[in-house]
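To start, the structure itself, in structure tokens.
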Amino acid sequence: MPHDIEPRLLRAFAAVADELHFTRAAARLHLAQQALSRDIRRLEQRLDTRLFSRTTRAVTLTPEGARLLPYARRALAAHDELAAAWAREERPLLVDVVSPASTAYRVVARARDAAPRVELVARHHSGLTGAAAEILAGRLDVAFGRVAGLPVEVRAALEHRPVRYERMAVLLPEDHRLADRAAVPLDALRGETLYAAAGNPATAEWTDLARRLFEGRGIAMAEPFPELAGDEEFARVVRKRGWSVLAGTEFLAVPGMVLRPLVDPVPLSPVSMVWRKGLRHPGLDALLAAASGLPEERWLERPDGAWLPAEDAVVMAGNARPEAPCTPPPARRAPADDRRRLPPSRAAADN
């Protein structure tokens, strides 16, 4: 094994290993595809082995590529940590907060109050799936969202800290038949179609959570639609199409629509803070302190009988004190996610 492999070559390898697609990996690294392919060939020549099997239809890791990947990730994390430690001036920490009306933004606001000299730059653009790719590409530092919805290989490159079990809600047109209710039972949505960001690859973890919730309850998901960028565009399209929207209780206000919590059972959206392994920054310390300094909010308590997929419960329990397992509602046969009872244990996950 050569001892002087350039980090650039390892970063190219890790990007292709994550994406299993040269065009997407090149876009992620802001490289021309030819330059990326050249870097992969150079690395393979240095190691005297093939790292990827390539056909016209698929890219897969070879056994040697799979063997190299965890070492490459650790080397890149150490390189990034060195660069951060040697920086003459602490750079701003870039944080994706999904939207200004979110659990993440509340954590950032509290961190700014506690550490006013630390620059935390908030952006609100993506779901966690898209944000995780940006973190691994070095274009983002921290994000928030549902960790269990990320691919296992992506989780392996990230750290995470559970922040909140956010209650889920439904955003309804103000003239909807259920808009007058203070809370909406899940059974009342039978026959309804809800928008849950299907078709937006950056929010795949949220669409997957919605699919699990809707399964067996007679709730349909709106057909895939192009990504809605920005709060104004989201509100315009949702109102124009007359959609009801699956949301969290922390959600932006949309004129002409009302937000109602879901009950019977209370469905939960697990929110974790996510960052790249090896990241060191005072802004990260401030965010972690802010996220763990909210006992009065009781964010990590799960209501009795709440709905949460078993995989999410395990992942959240990996870095948080165990909670009582969620139980399915007694009135109906629970879907598979509710029925599987797994003891709290260390998840093979992430952030």
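The values are calculated or read from the model by the stated rules, or taken from the named source; none is laboratory data. The model shown is predicted, which means the values in this text are computed figures rather than measured ones. Quick reminder, even Gly has a Cβ in these numbers, built from the backbone with ideal geometry, and neighbours come from all protein chains shown. Side chains included, ligands, DNA and RNA excluded: accessible areas come from the protein's heavy atoms. Shrake-Rupley method; radii C 1.70, N 1.55, O 1.52, S 1.80 Å.
Sorting the segments 182-192, 14-24 by their residues' average number of neighbouring beta-carbon atoms within 10 angstrom, most packed first, yields 14-24, 182-192.
Residues in the stretch 277-290 carry Karplus couplings, in order, of 4, x, 5, 10, 6, x, x, 5, 4, 5, 5, 5, 5, 5 Hz; the curve used is 6.51 cos²θ - 1.76 cosθ + 1.60 with θ = phi - 60°, and Gly or Pro positions show x.
Calculation over all alpha carbon pairs of the stretch 212-269 in 5 angstrom steps from 0 returns a P(r) of 4, 13, 25, 25, 20, 11, 2 percent.
Please say if the stretch 133-276 is rounded, prolate or oblate, where rounded means a/c under 1.5 for a ≥ b ≥ c the square roots of the C-alpha gyration tensor eigenvalues, and otherwise the choice is prolate for a/b larger than b/c and oblate otherwise? Note, shape of the stretch 133-276 comes out prolate. The loop-placed trypsin sites (Lys or Arg not before Pro) in the stretch 90-124, going by DSSP, that have at most 13 neighbouring Cβ atoms within 10 Å of their Cβ come out as Arg117.
In units of the rule-of-thumb radius 2.2 N^0.38 Å, the stretch 18-98 shows an alpha carbon radius of gyration of 1.34.
Diffusion coefficient (Stokes-Einstein, Kirkwood radius over C-alpha pairs, 25 °C, 0.890 mPa s) for the stretch 1-42: 241 µm²/s, rounded to a whole number. Over the stretch 22-157, accessible surface divided per residue gives 54 Å², non-protein components excluded, 1.4 Å probe. Does the stretch 31-164 come out rounded, prolate or oblate, given a ≥ b ≥ c as the square roots of the eigenvalues of its C-alpha gyration tensor, rounded meaning a/c under 1.5 and, failing that, prolate meaning a/b above b/c? It comes out prolate by the Cα gyration axes. A convex hull fitted to the Cα coordinates of the stretch 88-146 yields 76 cubic angstrom per residue. Label-to-label distance for Glu6 and Thr49 is 2.2 nm, based on points extended 7 Å past Cα in the beta-carbon direction.
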